[in-house]
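Engineer: Structure below; questions to follow.
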Amino acid sequence: MTPETPNRHYLPEALHHRVLDVVLIGCGGNGAQMLMGLASLDTALRAISSRSLHVVVVDDDVVTEANLGRQPFYRCDLGNSKAHTLTERINLAHGLAWRAVHGRAPEAVDVSGADMLITCVDTASARRVLGAELGKGSKAPVYWLDLGNRAGDGQFIIGCPASANRRNEHRLPTVLEYFPELADERLPDDAAPSCSVAEALERQSLFVNRVVASHALALLFDLLGRGSIGHAGAFINLGSGRCAPIPLPAVA
């Protein structure tokens, strides 16, 4: 009797042995944690493979008092661009030449040619706009990793946007396909800014972004560093301590 083989998704051959272009949209709670983790991932990939990362960071926000504590910014950063501040800090520390764009995607940057699009945005409308942009042309990112969270729980999911130039029979569904309710324009957006650190901590747990980002980065390391993944993401609940994986689509 042949043992059951676990369902796995494998990194395309086209992404082996070269620099991978990553566009990170959002440099706030989840995005800032992802950016710092991507620097560590780049170091690891250079050590164990012929791959590395070039990251473009896009965010139109500036550092405020409410960001201190939950996001990796300091009092000296107040009023400065989040994208430029953290990208310059990482470039200096790691000897990289990653690029920061102070603006809003997709207007401020072309996301279609990226190998990996990572979205750390606050609203369903932002995801809808990006999804619509990806569907306009013949090109699309190879992967779309999306992170989101509420006060004490969150999720991340990786998919492969549909493209006219790509075989789609084993494609991983994107966040908009897994959660079709996000396409409903009647869905309310809740991105009200907090005015203080205390108010921000009432709205979101101190470490929820770090936990969600760490799990997402572990998935990326398996995909980019080891060549395959066995799940497409996960739901994480800090209150219960549970992490429920999102399974890969069944292979016919």
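Engineer: State, to one decimal in nm, how far the label point of Arg242 lies from the label point of Ser49, with both points 7 Å from Cα in the Cβ direction.
Structural biologist: Taking the two extended label points, one gets 3.3 nm.
Engineer: Ok, one more. So what's the Cα pair-distance distribution over region 7-65, bin width 5 Å, in %?
Structural biologist: For region 7-65, the pair-distance distribution reads 4, 16, 22, 20, 17, 13, 5, 3, 1, 0.
Engineer: Cα axis of helix 82-94 to longest principal axis of the chain: angle in degrees, 0 to 90, nearest 10?
Structural biologist: 70 degrees
Engineer: So what's the back-of-envelope 222 nm ellipticity for the chain, counting only DSSP H runs of four-plus at -39500 (n - 2.57) apiece and dividing by all residues, rounded to 500?
Structural biologist: Counting only the DSSP helices, I get -8000 deg cm²/dmol.
Engineer: ³J(HN,Hα) across region 47-60 via Karplus (A = 6.51, B = -1.76, C = 1.60, θ = phi - 60°), whole Hz, x for Gly/Pro?
Structural biologist: Residue by residue, region 47-60 yields 7, 10, 8, 9, 9, 8, 10, 10, 10, 10, 10, 10, 6, 9 Hz.
Engineer: Could I ask something else about it? Using modelled backbone amide H atoms (1.01 Å from N, in-plane), which distant-in-sequence or interchain residues come within less than 5 Å of Leu20's amide H?
Structural biologist: Ser52, Leu53, His54
Engineer: Leaving ligands, DNA and RNA out of it, report the carbon-plus-sulfur percent of the accessible area of the chain at a 1.4 Å probe.
Structural biologist: Taking all protein chains in place, the chain shows 54 percent carbon and sulfur surface.
Engineer: HN-Hα J couplings of region 117-131 from phi, Karplus 6.51/-1.76/1.60, θ = phi - 60°, integer Hz, Gly and Pro as x?
Structural biologist: Karplus-based 3J(HN,Hα) across region 117-131 equals 9, 10, 10, 10, 9, 8, 10, 5, 5, 5, 5, 4, 4, 5, x Hz.
Engineer: Next up: Can you tell me the accessible area per residue over region 1-71, all protein chains present, probe 1.4 angstrom, in square angstrom?
Structural biologist: 46 Å²
Engineer: Also, I was wondering about something else. So if the hydrodynamic radius of region 14-145 is defined as the Kirkwood radius over C-alpha pairs, what does Stokes-Einstein give as its diffusion coefficient at 20 °C and 1.002 mPa s, in µm² per second?
Structural biologist: 141 µm²/s
Engineer: Quick one: divide the alpha-carbon radius of gyration of region 54-113 by 2.2 N^0.38 Å and tell me what you get.
Structural biologist: Computed over Cα atoms of region 54-113, the ratio equals 1.17.
Engineer: Using the Karplus curve 6.51 cos²θ - 1.76 cosθ + 1.60 with θ = phi - 60°, work out ³J(HN,Hα) for each residue of region 18-30 in order, rounded to whole Hz, and write x for Gly and Pro.
Structural biologist: Once rounded to whole Hz, the list reads 7, 6, 9, 8, 10, 10, 9, 9, x, 10, x, x, 6.
Engineer: What residues have an amide H closer than 5 Å to that of Arg104, excluding those fewer than 5 places away on the same chain, when H is modeled at 1.01 Å from N in the peptide plane?
Structural biologist: For Arg104, no residues qualify.
Engineer: Pick from Gly148, Gly28, Gly103: which residue has the top mean-square fluctuation in a GNM of the chain where Cα pairs under 10 Å get a spring?
Structural biologist: Its mean-square fluctuation being the largest, the pick is Gly103.
Engineer: Next up: Per residue, how large is the accessible surface of region 92-166? Use a 1.4 angstrom probe and give square angstrom.
Structural biologist: 42 Å²
Engineer: What is the set of long-range amide H partners of Ile246 at a cut-off below 5 Å, with H atoms built 1.01 Å from backbone N?
Structural biologist: Those qualifying (amide H under 5 Å, at least 5 residues apart or on another chain) are Ala232, Gly233, Ala234, Phe235.
The values are calculated or read from the model by the stated rules, or taken from the named source; none is laboratory data. Bear in mind that the values here come from a model prediction, so they are computed numbers and not experimental data. Heads up, the Cβs are rebuilt from the backbone with ideal geometry, glycines too, and the neighbour counts pull from every protein chain shown. What goes into the accessible areas is simple: the full protein's heavy atoms, side chains included, and nothing from ligands, DNA or RNA. Shrake-Rupley method; radii C 1.70, N 1.55, O 1.52, S 1.80 Å.
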